[in-house]
Structures are given as C-alpha cells and as structure tokens.
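*Asks:* What follows is a single structure, and I will ask about it in a moment.
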Amino acid sequence: MKEENFKKSHNSIIAELFFGFQKTSLVCNKCGHIEGSYGIFNFLIFPLEKTYNSLNNMNNNFGNRYFSNNLYNQLNPLTNIQSRRGKKKLSLYDCFKEYFKPEMLCGENKIYCNSCKKLEDAMNKIEMYMAPHVLILILNRGKGNIFECEVDFPKLLDLKNFIKNSNSPKKYNLI
C-alpha cells in the first residue's frame, strides 16, 4: 500500500503517530528481477536469541580469521556480543542490523519469478521506508525457556542508517 493511499484511508492521529512503512524487495538470483511491495507496521519484534546466535556466529567466523576477538570488537563497536563478565549481551543496534539483514529464500522457500516464469532462489530484503513518530520495539526473549541476555540501548536511538526516506523521523528518545 502506498503512503498516499494509506493516509487517505486511515486519516487519524493514531495512524499518523504509530504507523510506519517498510519496503520488501524480492530479487531473483537467476535474472535479477525485482518485485517490491510496501506494507505498514506499528511495531518491530526483535528475537534476541536468533540475533545473538547470528551475530555470535558472524563474530566467530570473521573475528577468528582476520582479527583477535578483542580487536574485532574495537573495530566494530555496535557489535558487542560478550560483556566483560562473560554474560550474553547485545546492543539495540545489533537487533536492527539483524532485522534488516537480507535473507536467502531457497529450497522450499523459493519464489515464483515473473521474469523467469518459474520458482527460483531469491534474496528477501526489508527496508524501513518511513518510520513512525512513536516507534514501538518488542524484545522477544523466546517461549518456555526464556533467553537471558542483556540488551544495551542508548537514551537517544539514531536510525539514520536504517531509514530510507529523508522526511522520516530518524532519532528517538527511548523510554
């Protein structure tokens, strides 16, 4: 749904304050054809265990090959997987990086490419096109066994690297 159409059909203070737009792009790996769509959202859910495991695997693979873990963490300040006491730790920026990381769709998850006219592997990419004025973030600690992890978050959240529209809010005071 385009932003203009949404505003016409949802003309309210609630929609204006709490709804944002995200763009989803599916890119065919074979021909490069792009299918895009816009959707509305009013909150983002960050699965902490998935984020921690994904970033931890990246750090182990990348950090051990090129740098010591200490040097890697100094060069990449947004990714701080382990605290000084050895507890699991993430930053809120880590959660945003994981949420917006492109995802491969292959095997049973292939998409139908309108250009190739058959199922193909593809890349799924989500981008925040327009952020809401009030952004709600849900830190999902899992079901049953609660994933214990400290999450560092700044008092002022700067999302300039994650929001594509120049007219959109980019900084949030967190409460």
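The values are calculated or read from the model by the stated rules, or taken from the named source; none is laboratory data. Predicted, not measured: the structure shown is a model, and the values here were computed from it. Here the Cβ is made from the backbone with ideal geometry for all residues, glycine too, and neighbour counts use every protein chain on show. Side chains included, ligands, DNA and RNA excluded: accessible areas come from the protein's heavy atoms. Shrake-Rupley method; radii C 1.70, N 1.55, O 1.52, S 1.80 Å.
*Asks:* Within the stretch 140-160, restricting attention to residues that are open to solvent by 70 Å² or more (accessible area, probe 1.4 Å) and touching a residue at least 12 places away in the same chain (Cβ under 8 Å), which residue is nearest to LYS50 (Cα to Cα)?
*Replies:* If we take residues in the stretch 140-160 being open to solvent by 70 Å² or more (accessible area, probe 1.4 Å) and touching a residue at least 12 places away in the same chain (Cβ under 8 Å), then ARG141 is nearest to LYS50 (Cα to Cα).
*Asks:* Given (1) over 30 Å from ASN29 (Cβ atoms); (2) assigned to a strand (DSSP E or B), where does ASN167 come up short, assuming only one miss?
*Replies:* (2)
*Asks:* Against the condition basic (Lys, Arg), touching a residue at least 24 places away in the same chain (Cβ under 8 Å) and farther than 22 Å from SER168 by Cβ, how does LYS88 come out, does it pass?
*Replies:* yes
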